[in-house]
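Peer 1: There's a structure below that I have some questions on.
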Amino acid sequence: MIHTIDALVVGAGGAGLYAALELSKRGVPVAVLSKMYPTRSHTGTAQGGICAALGNLEEDHWEWHMFDTIKGGDYLVDQDAAEILAREAITTIYELEHMGLPFNRTPDGRLDQRFFGGHTRPDPQDPAKRIPVHRACYAADRTGHMILQTLYQQCIKHAVNFYNEFHVLDLIVKDGVCAGVVAVEVRTGELHRFHAKAVLFATGGFGKIFSVTSNAHSLTGDGVAIAYRRGVPMMDMEFFQFHPTGIYQKGILLSEAARSEGAYLVNGKGERFMERYAPQLKELAPRDMISRSIVQEIRAGRGGDGKDYVFLDVRHLGKAVIDAKLPDIMDFVRVYMSRDPLTDLIPIEPTAHYAMGGIPTDNDARVILDSQRTPLHGFYAAGECACVSVHGANRLGTNSLVDILVFGRRAGIDMARYCADRDGVGWTELPAHPEDDTRGAITRIVNGQGGENAGNIRKQMQTEMTQKCGVFRGKDDLRSARDTISELKERYDRLSIQDKSKGFNTDLLEAMELGWLLDIAETTVLGALAREESRGGHAREDFPKRDDAHWLKHTLAYHTEDGVVLQYKPVTITTYEPQERKY
Amino acid sequence: MMRTARQRPPTGSFQVMSWLFMRVTGLLLLVIAVFHMFWMHFIIGVEKIDFNTIVSRWTGPHGAFWRLFDVMLLTFAFTHGINGATNVADDYITSRGWRVVTRTALWILWFALVMMGLWIIYTFRPDMPTPFK
Amino acid sequence: MSALGRFSAVIAESVVYRGREGQWAYLVHRVAGLGVLLFLGLHIFDIYLVGFGPEVFNATLFLYKGPAARVLEVLLAFGLLFHALNGLRIIIQDFVPRLMRYHRRLFWVQAVIFSILFIPAGTFMLKEFFGIAGGLLITLALWALVPLAVIGQYVAPTPLTLNVAEVGGER
Amino acid sequence: MVLHARHLKIKRFNPEKDTKPWWGEYDVEVQPTDRVLDALHEVKWHHDGSLTLRRSCAHGICGSDAMRINGHNALACKVLVKEYKGTITIEPLLGFKVLKDLIVDMDPFFAKYRSVMPYFVNDEAPPERERLQLPEQRDRFDDTTKCILCAACTTSCPVFWSDTEYVGPAAIVQAHRFIFDSRDQGKEQRLEILNEKSGVWKCRTIFNCTEACPRGIEVTRAIGEVKQELLLRRF
């Protein structure tokens, strides 16, 4: 079936829905394609809050937010983008409130704000020192849920067109211009061709390359890998964030909001070990530092109960605070660990959480192809699948929500402008048979006779990535991971699946997702192997220092016939010169 | 297939009144019906009930009270019951036509039986003429 | 699909779905209500017959005499009492919604009050024909119908049917 | 890591092949602390790839994997295997058409959701900063903001099984969230929709919805509060 719509949004999380809303408000015909129902999107699982320098509780300025973002990202952040992020966070929060989002309130009815890791202000007593600032607006510990619901509600109000359970499998590019996508209607197995002027990928992250992850099963990097196979590089893939407080072995996230409200991290000896690693911010240091500290404690034999975890301690917060501000995550502890957070310590370990890297874009979410910022006309990316880069080498807590909203919104606005501009040029013609590649790939998998099982390949990839490309990385481990991934890719070509039916063939779709994950795992490992320094989320044991002389640059990984080719792109520095990163 | 809010015709307040009616009569019946059951089964006893029981109930010294009591019992209980039955029928019957048919049938039944009941309560005399005499 | 087929499929779903106290209270409330209504119709009709004189009326009363009629009468008492108490519980919650947090506890309070009233009452009504022990036994058997149905739901194998929406084909 | 053998009995139905449903029986090795969803994945990934279900976040927030587990509605990712003794029986939700195995047609569910104006309405020009709302005003509707639209409540409701017109608990919960929001102005319209025959008066206070809600929302109470609001509005 062929559909013709001016603007296409792929993915119905925060970024996609905000863009769709902006497009719809501007009268541009827009359709949102989601491989699930929109309310299932992973934005909904964000817990802690969303930062904006509103200064509702104490003095705060967007410049401070910008600085924290840059420092938190270990100076790999493009500073012009960080400025946009910090400035527009404020207007975005007010806009969300005006859309009805039920933020928590101060006693006098304004938006309440809480602490969050790495978000600071100068100490009034000693301006050289930085102390935590109340910057994160929140709705209990379901901020993301409320954002997703609110945006979806507004999209209903503004009559946005949704194609639910349409899984996008390919991007249509003709003569350097993006012309649409190919998607399968999951319910029938039928392939659909969507012809469009502008396409936005807001397809989310790819935490499923790891075994212990906070990410949803659906986070398989579809958009990133599809674009990659069509010639768009993957940027900064070696920077993956490990969140310090995942439920032991399950990876389910216990939000930083717990520590914002005063929870401690303690090791097997009962010590608040973060006092040693980040004397000023302690538990509110950025996530990469805390994750490394946890691994170091465990390696030094100070894990909880002599095992490979440490504890989150919320007992002293009391029932009132927990019920009012952290109800969901404490429910997780009760359901998944059968422990009572009011009386028991909670075993936690770092969990793969967020991809700083992704599809390279400029500040209006337009996809760019190289260090000269050559655009792929009509193609946009926003959200976790994109890399602007506002997070650099490590994202600060809450900045993911700021990122999806600020840049999702900008994407929508610029797409509307682009669609209007194209009115003079006319629609890009589609290639003769745009579905052929996809149909071929599907046929290969459905008819595959090699006997390899996707479940086994996936499991092995995930274990390998968690063990060898995790919080700390070393040359030998990364080389071994590289070899394993290439062996898995060979085995992937000999895949067989059991489900041969057309409708709801999730066996087939999971196999396709696995193919994308393998591409992503490969570029992640190769990027990590090449980058011989430690910066933010990328910690090399053999190169423990940051090396600005050689490595203050972004990685671009290209898909070529000869395999992955790495190139580099300079970092934009406007205001803050790189300094040593201490908290 | 999908209707938006504005296209829907307003259906007025019948639903809320019906709901409230069930609650109010329910509370009244809680007293009247349970008392009636208690009186007839425990104080009098079913085996002892016959024509004379009715005669002494409706024409005895408290006849006026009992007739009023029985009118209330009859109307509240049967209306509560038939209204409940239409609710039940609506739950299981999805076709609009059949809904109208059942509803109409139930309310005709209601009218017939309530009229029969009221007629006998108001007009009863021990020596009233009957077709069989 | 016929209304009757649909009806029986829905009843089957209600019995297959393992709801808790509220679902059973609702089912019994509904069945009891319809049962009492049925009796009420009959009762209005038989009282109407007093207008036909003592012979006709007294002849009709055979319906309510004897041991079998007495057991049915206890069933009527069951229905009326349960419908009344359950209705009261629902009305209380309707007008004070915050009590709904304790809905299960309220149900059990209701169940205890019901049992305290129903078991002696049933025994009393039956003792004329069955004696105290027999009356108590029959009353307890009637009382146990619902708990037995609940246990049966957990013991019986899960039936293999598609749901109503599937067979109804309307949604 | 201690693995335990568990027996799963899953209702299977693929309309492309089957004329009626059948029981798929599987023995899987899982940890007792695994979720039921993990056991289902074990089947799908290592026993029978054709088993079809929806799932995403796997910790009870996205609302994809509501199904009937041992006879009552739950999220497969929010119940642990060890909570069940013996065979675990898994069936699709009641009340919606089964499309394949554990997948039911959710379109009618979202259509009902959309019919209650589930969005914020306030046509006044917004202030430059936030609209004010006191914490106690926000608390008034806090409970119903938790809803994840998983349909566990609606598909546990006996009235909904039988009457296709009833909007169902989930839609009322969503309306409640706005009706009691002090900033919202669409209250009257929403109440008007819920005052119809297909609205709140269909609720028979059965509490299956409250029992089924994986988010612990007091669903029946929310419906009761809407009823009360309609009643108060009348008098």
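Peer 1: Peptide D:204-216: average number of partner chain Cβ atoms within 10 Å per residue?
Peer 2: 6
Peer 1: Also, quick follow-up: Specify whether the C-alpha gyration tensor of segment D:24-110 places it in the rounded, prolate or oblate class, a ≥ b ≥ c being the square roots of the eigenvalues: rounded for a/c under 1.5, otherwise prolate if a/b is larger than b/c and oblate if not.
Peer 2: Prolate, because a/c is 1.5 or more and a/b exceeds b/c.
Peer 1: Separate question: Got a sec to turn the phi values of segment C:66-79 into Karplus ³J(HN,Hα) couplings, 6.51 cos²θ - 1.76 cosθ + 1.60 with θ = phi - 60°, whole Hz, x for Gly and Pro?
Peer 2: Values per residue, Gly and Pro as x: x, x, 5, 4, 5, 5, 4, 5, 5, 4, 4, 4, 4, x Hz.
Peer 1: Please state the charge dipole magnitude for the protein assembly as shown, taken about the Cα centre, from unit charges on C-beta atoms (+1 on K and R, -1 on D and E), reported in debye and rounded to the nearest 20.
Peer 2: Numbers: 128 positive and 128 negative charges, 625 e Å.
Charge dipole, the protein assembly as shown, about its Cα centre: 3000 debye, nearest 20.
Peer 1: Taking accessible area as the heavy-atom solvent-accessible surface of the protein chains with a 1.4 Å probe, which residues of segment D:144-161 lose no less than 50 Å² upon going from the isolated chain to the full protein assembly?
Peer 2: Buried by the other chains: D:T145, D:W161.
Peer 1: Is the shape of segment C:66-163 best called rounded, prolate or oblate, per the rule: a/c under 1.5 gives rounded, else a/b larger than b/c gives prolate, else oblate, with a ≥ b ≥ c the square roots of the Cα gyration tensor eigenvalues?
Peer 2: Verdict is oblate for segment C:66-163.
Peer 1: Give, rounded to the nearest 20 debye, the magnitude of the charge dipole that chain A has about its Cα centre when Lys and Arg contribute +1 at Cβ and Asp and Glu contribute -1 at Cβ.
Peer 2: Using Cβ point charges on Lys, Arg, Asp and Glu, chain A gives about 720 debye.
Peer 1: Okay, moving on. Hey, for a label at A:T560 modelled as a point 7 Å past Cα toward Cβ, could you say which residues of segment A:220-235 have their backbone N under 18 Å away?
Peer 2: Those under the cut-off are A:228-235.
Peer 1: So for the pair A:A441, B:T79, with labels modelled 7 Å out along Cα→Cβ, what separation do we get in nm?
Peer 2: 6.9 nm
Peer 1: Just to be sure I follow the definition: excluding the sites themselves, where is the longest run in chain A that has none of the trypsin sites (Lys or Arg not before Pro) in a DSSP loop with at most 12 other Cβ atoms within 10 Å?
Peer 2: Here the longest segment lacking exposed loop sites spans A:130-268.
Peer 1: Here is a further query. Projected onto the charge dipole of the protein assembly as shown (+1 at Lys/Arg Cβ, -1 at Asp/Glu Cβ, origin at the Cα centre), which of B:P126, D:C203, C:L72 gives the Cα projection farthest towards the positive end?
Peer 2: The listed residue farthest towards the positive side: B:P126.
Peer 1: Further question: Might you report the magnitude of the Cβ-based charge dipole of segment D:77-205 about its Cα centre, with Lys and Arg at +1 and Asp and Glu at -1, to the nearest 20 debye?
Peer 2: Dipole about the Cα centre, nearest 20: 440 debye.
Peer 1: If you keep only loop residues by DSSP, which GluC sites (Glu not before Pro) in segment A:386-475 have at most 13 other Cβ atoms within 10 Å of their Cβ?
Peer 2: Details: sites: A:E429, A:E435, A:E452, A:E464; in loops: A:E429, A:E435.
Taking segment A:386-475 and a limit of 13 other Cβ atoms within 10 Å, the loop GluC sites (Glu not before Pro) found are A:E429.
Peer 1: Taking both sides together, what accessible area is buried at the C/D interface, probe 1.4 Å, expressed in Å² and rounded to the nearest 100?
Peer 2: 3400 Å²
Peer 1: How far, in degrees from 0 to 90, does helix C:145-155 lean away from the longest principal axis of the Cα atoms of chain C, to the nearest 10?
Peer 2: 30 degrees
Peer 1: Report A:E577's accessible area, 1.4 Å probe, all protein chains in place, as a number in Å² to the nearest 10.
Peer 2: Surface accessible to solvent at A:E577 totals approximately 130 Å².
Peer 1: Counting other Cβ atoms within 10 Å of each Cβ, which chymotrypsin sites (Phe, Trp or Tyr not before Pro) in segment C:98-154 have at most 16 and sit in a DSSP loop? Kindly include the intermediate steps, with their values, before the conclusion.
Peer 2: Details: sites: C:Y102, C:F107, C:W108, C:F114, C:F118, C:F124, C:F129, C:F130, C:W143, C:Y154; in loops: none.
Answer in residue order: no site qualifies.
Peer 1: For segment A:423-482, build the charge dipole from Cβ charges (+1 Lys, Arg; -1 Asp, Glu) around the Cα centre, then report which of A:C469, A:G450, A:G424 sits farthest towards its positive end.
Peer 2: Checking the options against the dipole of segment A:423-482, the answer is A:C469.
Peer 1: Also, quick follow-up: Which values of log₁₀ I(q)/I(0), to two decimal places, follow from the Debye formula for the protein assembly as shown at q = 0.05 Å⁻¹ with a uniform point scatterer at every Cα?
Peer 2: -0.38
Peer 1: Follow-up. In degrees, nearest 10, range 0 to 90: what is the angle between the Cα axis of helix D:169-179 and the longest Cα principal axis of chain D?
Peer 2: Rounded to the nearest ten degrees, it is 30.
Peer 1: Here is a further query. For the protein assembly as shown, what is the accessible area per residue in Å², given a 1.4 Å probe and the full set of protein chains?
Peer 2: Normalised by residue count, the accessible surface of the protein assembly as shown is 37 Å².
Peer 1: What fraction of the DSSP beta bridges in the protein assembly as shown is antiparallel, stated in percent and rounded to the nearest 5?
Peer 2: Once the DSSP bridges in the protein assembly as shown are tallied, antiparallel ones form about 70 percent.
Peer 1: Counting only helical runs of four or more DSSP H residues, what would the 222 nm mean residue ellipticity of chain D come to if each run contributes -39,500 (n - 2.57) and the total is spread over all its residues?
Peer 2: -8500 deg cm²/dmol
Peer 1: State, as an integer percentage, the relative contact order of segment A:244-352 based on alpha-carbon contacts under 8 Å between residues 6 or more apart.
Peer 2: Value for segment A:244-352: 39 percent.
Peer 1: With θ taken as phi - 60° and the coefficients 6.51, -1.76 and 1.60, list the Karplus ³J(HN,Hα) couplings across segment A:535-552 in order, rounded to whole Hz; mark glycine and proline as x.
Peer 2: 8, x, x, 9, 10, 9, 5, 8, 9, x, 9, 6, 10, 5, 4, 9, 10, 7
Peer 1: Okay, next question. According to a simple spin-label model (label point 7 Å from Cα along Cα-to-Cβ), what is the distance in nm between A:E63 and A:E541?
Peer 2: Spacing of the two 7 Å Cα→Cβ label points: 4.4 nm.
Peer 1: Next up: Please list the non-local residues whose amide H lies under 5 Å from the amide H of A:N161, H modeled 1.01 Å from N, same-chain partners needing a gap of 5 or more.
Peer 2: Answer set, sorted by chain and number: A:V30, A:V32.
Peer 1: Further question on the same structure: Summarise the partner chain shielding of B:23-33 as one whole number: the mean count of Cβ atoms from other chains within 10 Å of each residue's Cβ.
Peer 2: The shielding value for this peptide is 3.
Peer 1: Counting DSSP beta bridges in chain A, what percent are antiparallel, to the nearest 5?
Peer 2: So the antiparallel bridges amount to about 65 percent of the total.
Peer 1: Can you compute the modelled spin-label distance between B:A112 and A:D308, with each label point 7 Å from Cα toward Cβ, in nm?
Peer 2: Between B:A112 and A:D308, the label points sit 8.0 nm apart.
Peer 1: If you don't mind, another one. Mind grabbing the interface size between A and D? I mean buried accessible area, both sides, 1.4 Å probe, in Å² to the nearest hundred.
Peer 2: Details: alone 21130 and 12720 Å², together 28130 Å².
Using a 1.4 Å probe on protein heavy atoms, the buried area is about 5700 Å².
Peer 1: Whose amide H sits under 5 Å from the amide H of D:L99, counting only residues 5 or more places off or on another chain, with H placed in the peptide plane?
Peer 2: For D:L99, whose amide H was placed from the backbone, the distant partners under 5 Å are D:V104, D:D105.
Peer 1: If amide H atoms are built 1.01 Å from N in the plane of the peptide, which residues on other chains or at least 5 residues away come under 5 Å of the amide H of D:H72?
Peer 2: Amide H neighbours of D:H72, under 5 Å, 5+ apart: C:R18.
Peer 1: Among A:A320, A:T351, A:G303, which residue has its Cα positioned farthest towards the positive end of the charge dipole of segment A:302-388, with +1 placed on the Cβ of Lys and Arg, -1 on the Cβ of Asp and Glu, and the dipole taken about the Cα centre?
Peer 2: A:A320
Peer 1: To continue, here is another question. Carbon and sulfur atoms: what percent of the 1.4 Å accessible area of the protein assembly as shown do they account for?
Peer 2: 59 percent
Peer 1: How many lysine pairs in segment D:4-104, separated by 8 or more positions in sequence or lying on different chains, have Cα atoms less than 25 Å apart?
Peer 2: For segment D:4-104, the number of qualifying lysine pairs is 28.
Peer 1: Further question on the same structure: Let's test the formula: R0 of 22 Å, r as the Cβ-Cβ distance of D:L231 and C:Y102. What FRET efficiency results, to the nearest 0.05? Intermediate values should be presented prior to the final figure.
Peer 2: Working: r = 22 Å, r/R0 = 0.99.
Once the sixth-power term is evaluated, E becomes 0.50.
Peer 1: Taking θ = phi - 60°, what integer Hz values does the Karplus form 6.51 cos²θ - 1.76 cosθ + 1.60 yield along segment A:378-389, in sequence order, with x for Gly and Pro?
Peer 2: x, 10, 10, 9, 8, x, 5, 6, 9, 9, 7, 10
Peer 1: Related question: To the nearest 100 Å², how much accessible surface do chains B and D cover up together, summed over both, with a 1.4 Å probe?
Peer 2: Interface between B and D: roughly 2200 Å².
Peer 1: Mean separation of Cα pairs under 8 Å and 6+ residues apart, divided by the residue count of chain A: what relative contact order is that in percent?
Peer 2: Relative contact order, chain A: 21 percent.
Peer 1: Counting only C-alpha contacts under 8 Å and six or more residues apart, can you give the relative contact order of segment C:12-104 as a whole percent?
Peer 2: 39 percent
Peer 1: So which cysteines of chain D have no other cysteine's Cβ under 4.7 Å from theirs?
Peer 2: Cysteines of chain D left without a disulfide-compatible partner: D:C77, D:C147, D:C150, D:C157, D:C203, D:C213.
The values are calculated or read from the model by the stated rules, or taken from the named source; none is laboratory data. Note that the structure is predicted; figures quoted are calculated from it, not measured. Neighbour counts are summed over all protein chains in view; Cβ atoms, including those assigned to glycine, are modelled from backbone coordinates with ideal geometry. SASA here: full protein model, heavy atoms, side chains in, ligands and nucleic acids out. Shrake-Rupley method; radii C 1.70, N 1.55, O 1.52, S 1.80 Å.
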